[in-house]
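The values are calculated or read from the model by the stated rules, or taken from the named source; none is laboratory data. What you are looking at is a predicted structure, and each value in this text was computed from that prediction instead of being measured. Here Cβ is always computed from backbone atoms with ideal geometry, including for glycine, and neighbour counts include all displayed protein chains.
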Amino acid sequence: MAKNIAQKIIEAHLVEGKTVPGQEIALKIDQTLLQDATGTMAMLEFETLDVPRVKVKRATAYVDHNMLQTGFENADDHLFLQTMAAKYGLYYSRPGNGISHQAHLERFDIPGQTMLGADSHTCQAGALGMIAIGAGGCEVALAMAGEPYSLIMPEIHLVSLKGTLPAWCSAKDIILELLRRLTVKGGLGKIFEFGGPSLAKLTVPQRSTIANMGAELGLTTSVFPADERTQNFLKAQNRLKDFKFLLPDKDAKYDGQIELDLSKLEPLIAKPHNPDNVVPVREVEGTEVRQVAVGSSVNSSFVDLMVIAEVLKNKKINPGLQLTISPGSRQVLVMVTQNGALSEMIKAGARGLEVACGPCIGMGMAPPSGGISVRTFNRNFPGRSGTADDQVYLTSPEVAAATALKGVITDPRKLGKPPRIKMPTKFYIDDTHFLPPAKDPDKVEIVRGPNIQPLPIQEPLREILEGEVIIKLKDNISTDEILPAGAKILPLRSNIPGISEFMFFYLDPGFVKRVKEKQGGFIVAGENYGQGSSREHAAIVPMYLGIQAVIAKSYARIHRGNLINFGILPFEFANSKDYEMLQQGEKIVLRNVPGIVKSKDRILAEVNGNRIELKINLTERNREIVLAGGLLNYIKSKKS
C-alpha cells in the first residue's frame, strides 16, 4: 500500500493502536527537547520517576528563554538544568549557544526520527523530515524515561505547492496565507505534509519557517520530505551521515488536500492580536512604527539575517524607531560576523541582541505604551511582548527591513530589485557549547537554588466538584494570557507558589485574589482555549489554586492534554448556547464525578437550580489519568 511521509514515520514508531484518524496511538520517541522556561519543571517531574538515565537516542536541554539575569533566579535555574542534564544523560546547550529550534535544526534533527519537545514550536524539526511534536513537560519527562507518547492519530493533509514566489515574497508569506485561510483553529487534529511541484524550490530555512508556525494553525505537526535540498543542508552542516531520502510513495493517499499557488502571493502581515489576523501589507501601509524586531526561533537563520543586511546596506534606519536583531544560533551569529553582515546592520542603526528568544517571549525590548512593533516572530497575543497595550504585527524579514528604513509599515516591492541570498555550501561548526552528559553521573551534585520549589501534586478526583465561575473568557485565549511570560514572571517558572500570583495577570488582575477567597472554582471559556505555548504552568497553576474544572467550547491540543495531565477535567458544552447563559459568579455543582469519568461522556451540571449538559471526551488512558489525579500519579500507580 502506498504511504505518505507522515504514515511512514508514524508506522515505524508505532507501539500501540492503529493509524486510524481519531483513535489513540502511542509512539516510540527518538529525541526529546527541553528549554529553560519549561525544562526546570520537566526535570523535576523526571526526577520523581526514579529513572537513573534518559532512555531516548538524544535528549537536549537548551537555555534560550530565561536569559535576562536581573536576579538570582534565572542563573540558579541554569545551574540546576546543567547539573541535572549532566547527571541524567542530556546534552546541555549553554546560554548563547542557540535558540532551541534553530540550533537543533542545524546540529541534531534527523530525517525519519520522532521528537517530543516541551515547546510548541518543536514542530520546526518537520523541515528536516521528522515527526516532531510539542507537548507539556510532563509528557516529555515520561518520554525521556522511555515511555511511549500517547496521542490521538491526526488526519494527514497534503499542502500542494505550485508556482514561483514573486519578488519580495518569502516563506513567511506562505504560512501567513495558510493562517489567513484556515485560522488558528484550522489545523486542529491534523498533520500537514508539504509537497507539490514547487516544493523543491524551498530551502531548509524556508521550510523551517513554515514548519515552525504550523503551531499557530493548531497542527499536531508539519512534515516536509527529506530530498536533495535536505541533503545539501546536512552536507553543509557536515552531517551527511544523518541523511536519508524520505519521500511519499507515488500513489500516497491523504485525508485532505490544500492547493497553494505561490505565484499569487503578495507580502502579508498579521495584525494584532492573533497570528491569523492576516492582511496584505498594502492595506496597512503607512502605519507608524516604533519598533522592528528580527529573529526568535523563526526567521533567525543565516539567510534571514542576510536579507536584512542586504536591504540595509549603506543605508540608515528611520530615527523614529528601534531595530533589533536576535540571531537564531551561535553559528548564525559567527557567520554574519565573519562576512561583515552584522557590521552592515549595526552601521545602519540596528541593535544586536544576544542569541535568545528575547523579545518574542517578552524578555526585553518591550515596545512603548500603545506603540506598534513589527516583528518577524510567530506570535502576537496581547501582552506577550511585555507591554500590556502592545500592538504587535507579524511579518517577513523583507517587510521588516523595508519598514525599518521608512519608519512606517512598507511594502518592500517599492524598494526595487530584491536581494538574492545564496545558501551556504559550508556552515561554521562549533559544538563545544553543547555540553555532553557526565561520564560519571554519580559524582554530579545537583545545584538547587531557593527558586527551585517542590512540584505540587494533585489529589485523586473528588466525588463532587463545586464552586463558582471565577472567570468567563472569550474565544482563542492563549496560554500567554492564562499565565504570561516576560522578564518579571518568567524567572518564576520553577516556583509554582510564586508564579501563581500572576495567573490572568493582564486579562483580570483580580483573578488570583478572587480564586483564593472562593477557595477554588471553575473557569469558563470559548473556543480554542489554551492556544499557543506548551507551557504546562497554565495547567499546574490552576490546579495549585484549586480550580475544579474548565468548561469551554473547545480546546487547543497541547493545553487540553496538560489539563488532563494535572487532574483538571476539560469539559465542553454539549449545547454551545449554554456558554452564553453561564456567567461569572454562578455556582456549579457536579456530582458522582469519578463514576461519570470512568465510563460516560456526558454529565449534568447544576447551575443555580438549572441543569446544563457537559461533554467530556476522554480516551481510556485519559480517564485513568484524571481519576488518579494526574499523569505522574498514574505512572507511579502503574509501577507500584
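Here are some notes:
- When the range 20-47 is filtered for residues that are modelled with pLDDT of 95 or more and small (G, A, S), only A26 remains.
- Those strands (runs of 3 or more DSSP E) of the range 226-318 in which at least 3 residues are surrounded by 18 or more Cβ atoms within 10 Å (Cβ to Cβ), considering only elements entirely within it, cover 268-270, 291-295.
- Condition check for R514: among the basic types (K, R), part of a loop (DSSP other than H, G, I, E, B) and farther than 30 Å from N238 by Cα: no
- Subset of the range 363-378 that is part of a loop (DSSP other than H, G, I, E, B) and touching a helix residue (DSSP H, G or I) at 6+ places or on another chain (Cβ under 7 Å) - its residue that is surrounded by the most Cβ atoms within 10 Å (Cβ to Cβ): F377
- Qualifying residue in the range 434-452 (condition: among the charged types (D, E, K, R), surrounded by fewer than 15 Cβ atoms within 10 Å (Cβ to Cβ), in contact (Cβ under 8 Å) with a residue 12 or more places away in the chain and not in a strand (DSSP E or B)): yes
- Beta carbons closer than 6 Å, at least 6 apart along the sequence or on distinct chains, pair a first residue in the range 28-42 that is within 14 Å of A132 (Cβ to Cβ) with a second that is in a helix (DSSP H, G or I) and hydrophobic (A, V, I, L, M, F, W, C) for I29/A143; T32/V140; T32/A143; T32/M144; L34/A42.
- Selected residue (criterion: modelled with the highest pLDDT) from residues of the range 60-85 that are closer than 15 Å to M41 by Cβ and among the polar types (S, T, N, Q): N74
- Among (1) surrounded by fewer than 22 Cβ atoms within 10 Å (Cβ to Cβ); (2) of a type outside the set (A, V, I, L, M, F, W, C); (3) in contact with a helix residue (DSSP H, G or I) (Cβ under 7 Å, 6 or more places away or on another chain), the one test that R420 misses: (3)
- Filtering G163, G218, G186, G196 for residues that are of a type in the set (G, A, S), more than 21 Å from the chain's Cα centre (by Cα) and within 27 Å of T19 (Cα to Cα) leaves a single hit, G196.
- Residue match in the range 379-391 (condition: surrounded by 21 or more Cβ atoms within 10 Å (Cβ to Cβ) and either modelled with pLDDT of 95 or more or among the aliphatic types (A, V, I, L, M) (or both)): no
- Members of the range 135-158 that are in contact with a Ser or Thr (Cβ under 8 Å, 6 or more places away or on another chain) and crowded, with 24+ Cβ neighbours inside 10 Å: A135, G136, G137, V140, A143, M144, P154
- Residues being in contact with a strand residue (DSSP E or B) (Cβ under 9 Å, 6 or more places away or on another chain), under 25 Å from G383 (Cβ atoms) and not aliphatic (A, V, I, L, M) - total across the range 450-479: 6
- Residue ID - nearest to G383 (Cα to Cα), chosen from residues in the range 320-338 that are at pLDDT 95 or above and loosely packed, with under 15 Cβ neighbours inside 10 Å: T337
Residues are listed down the side, and each one gets a yes or a no for (1) surrounded by 24 or more Cβ atoms within 10 Å (Cβ to Cβ); (2) of a type outside the set (S, T, N, Q); (3) closer than 22 Å to K253 by Cα; (4) touching a strand residue (DSSP E or B) at 6+ places or on another chain (Cβ under 7 Å):
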site: L176; (1), (2), (3), (4): yes, yes, no, yes
site: L188; (1), (2), (3), (4): no, yes, yes, no
site: F192; (1), (2), (3), (4): yes, yes, yes, yes
site: G195; (1), (2), (3), (4): no, yes, yes, yes
site: K201; (1), (2), (3), (4): no, yes, no, no
